[in-house]
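Heads up: the structure comes next, in structure tokens.
Any read-out appearing in this document is the output of simple, stated calculations on the displayed coordinates, not a laboratory observation. As the structure is a prediction and not an experimental result, all values here were calculated from the model. Counting neighbours? That spans all protein chains shown, and the Cβs are built from the backbone with ideal geometry, glycine included.
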Ligand SMILES: [Zn+2]
């Protein structure tokens, strides 16, 4: 089925309407279960069972961004996939908020504005033009990219749109100079087989949508108020595949990530290597809401990150429950929107003088540098700032990470709080601060210090963040760290961040193009797997081969069903990685790094014809790959069975028995047999079965007690 152009445009524009089920809706923001499992014990990842995640109400979904292997960028003719370090020019920009088309400030925009960032773009002549820098309207969309996206959509059984409607997605972190990303929906609502035997899973994975979009800049550095980007990657075509949030454990999520990567790779038209595929994951638990962890580069890293996020949400929900019990309200934390906070609210005091005379070095030095220190009273928060939210992270570090992002302090630390007691300020100073703020023992006090206006921003931010504790889980995007914890990145953008691109007319997808793509459609991994099982491979081998880089080589050689297919699959699995490592110290990634079918084909033909024995195949393949300058036929000849083999075995056995008598006189018969096998068997590998050689040797050494040699 293909959607009418009107239908999909309307569904995008009305994506907020919950009754609209024709097209795209953002993933449900709120977990459908509203009963947080507050009493569930904090458990490490390795102790968790699928039932535990069910008890937590855990759910997750994926957005996989995959760079496509096209010659050009998506909306201009600059080359795609070229990574440069040369800089020909620099462009400096400032971010400021403008009213959105709906007449409102976007939350993300406001936050970025609060940061007052200077954004620097590093340009290299060969990889960027005036389009990326917003001086020229977009050129026609890259057809190669459209075809690859259609191919992926077809593999996922998505409903293709009949026209591409280019939309603008707000992107206000500076990583796209225009402030928006051009994106076009290609297909929606489909599913793919999701079989994970090791997790006992055999079901479908629902794919919500697939879009084609532009990549953003590479970040080079982010220090203080200055963030620097390289523009070589900017505008490269990406697909974005979004699943429904039906991955119900961290390991299911990882398997889902692996499956989507396999789908993309099956096209053989996507980029590989660091940063070529990036995954965003949406996580929530019962009582919580969707939080997005951005830019995870490998699905191996997903399980621990989402496990930690699940418990972070649970801990924030526990803190909320406790605040509610204590009767803390949002009103008790609010400050007038205008004015310097310590002049307009009793919750904030400017305390530079007191800090100047304190014993706490970082704060004292900051004030001596000319920074402003202020203290914020959080009514009813005593003891909660040190409540753990993630391994090694307390609520205080959880929330003010945000004020860190917003106020951009260059010097760390930039805050302290009363739950830490005398670790920072002395108890005498905390008492003075409490008196100044009118705080009692149920309250917490946060001290922040930063240059001038930043101190005011930071103080407000502490109160905003504390207020969010009453919401429970603030809607935000987070970045993953190698230890499995996450840190605040930015506020989750609103659903209205998409609006039509006025520079690009709707682009009909020609039926002819769809037919051409279908005719050359790559075989999806699950179809491949079934085909290999049909050739006689067992489930494990079929699954492994279906996603192996050498699957194409296997098909090209085209072994016969049964033994030849099984032998070739096993040989490639063991020997290809070995030879690649030997040559380059790395696993093969691309088909062109593999040996070709002409080189290995004759060995399989000889196996099928019974001219070499099955156990010889891997040795023959080794020889063919090691002796690259020797013709295949000459290598193979050493392993082919021939009429004289029988006589030669007899002669060799006779010879070795004579030597055994001389060299191993007096040694146990088993030792002589083992030695003799080592001397004789390799020479006949492929031609005479090792068991047969062994039987003959045993007999000649007087060991086999009259047993007949195995044929
Ligand atoms: Zn360009």
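The distance separating the Cα centre of region 503-528 from that of region 224-256 comes to 23 Å. Using the Cβ-Cβ distance between residue 515 and residue 479 with R0 = 45 Å, the FRET efficiency computed as 1/(1 + (r/R0)^6) comes to roughly 0.60.
For region 456-503, a/c is not less than 1.5, where a ≥ b ≥ c are the root eigenvalues of the C-alpha gyration tensor, and a/b does not top b/c. That puts it in the oblate class. For the listed peptides 474-485, 167-178, a ranking on the average number of other beta carbons within 10 Å per residue, highest first, reads 167-178, 474-485.
In terms of surrounding Cβ atoms within a 10 Å radius of their Cβ, 535, 201 rank from fewest to most as 201, 535. Each residue in 291, 281 was given a count of other beta-carbon atoms within 10 angstrom of its own, and listing them fewest first yields 291, 281.
In this label model, residue 679 and residue 538 are separated by 3.7 nm, measuring between points 7 Å along each Cα→Cβ vector. Taking other Cβ atoms within 10 Å as a rough exposure proxy, 526, 550 sort from fewest to most as 526, 550. Expressed as an acute angle from 0 to 90° and rounded to the nearest 10, what is the orientation of the C-alpha long axis of helix 617-626 relative to the principal long axis of the chain? Approximately 70 degrees, to the nearest ten. Would you mind pulling out the separation of the Cα centroids of region 426-477 and region 48-91, in Å? With region 426-477 and region 48-91 each reduced to a Cα centre, they are spaced 36 Å. Residues within the reach of a label modelled at residue 428 (point 7 angstrom out along Cα to beta-carbon, backbone nitrogen below 15 Å), restricted to region 350-381, are 354-360. Against the longest alpha carbon principal axis of the chain, how many degrees, from 0 to 90 and to the nearest 10, is the axis of helix 302-325 turned? Approximately 30 degrees, to the nearest 10. Between helix 563-584 and the chain there is an angle of about 60 degrees, using the helix long axis and the longest principal axis of the Cα atoms.
Inter-part distance, region 263-298 to region 619-665, computed on C-alpha centroids, equals 52 Å. Note: relative contact order over the chain, using C-alpha pairs below 8 Å and six or more positions apart, is 13 percent.
Taking a point 7 Å from the Cα of residue 563 along the Cα-to-Cβ direction, the residues of region 661-697 with backbone N closer than 17 Å to it are 685-693.
Arranged from highest to lowest average of other beta-carbon atoms within 10 Å per residue, in what order do the peptides 82-89, 421-428, 602-609, 238-245 appear?
Details: 82-89: 12.5, 421-428: 14.1, 602-609: 20.2, 238-245: 23.6.
Descending packing order for the listed peptides: 238-245, 602-609, 421-428, 82-89.
For region 302-459, averaging the sequence separation of C-alpha pairs within contact (under 8 Å, six or more residues apart) and dividing by the residue count gives a relative contact order of 29 percent.
Over region 28-81, Cα pairs under 8 Å with separation of 6+ residues give a relative contact order of 26 percent. At an R0 of 22 angstrom, the distance between the Cβ atoms of residue 663 and residue 691 translates into a FRET efficiency of 0.35.
Multiplying the sequence separation of residue 628 and residue 88 by 0.36 nm and subtracting their Cα-Cα distance, what value in nm do you get?
Net length gain for the segment: 189.9 nm.
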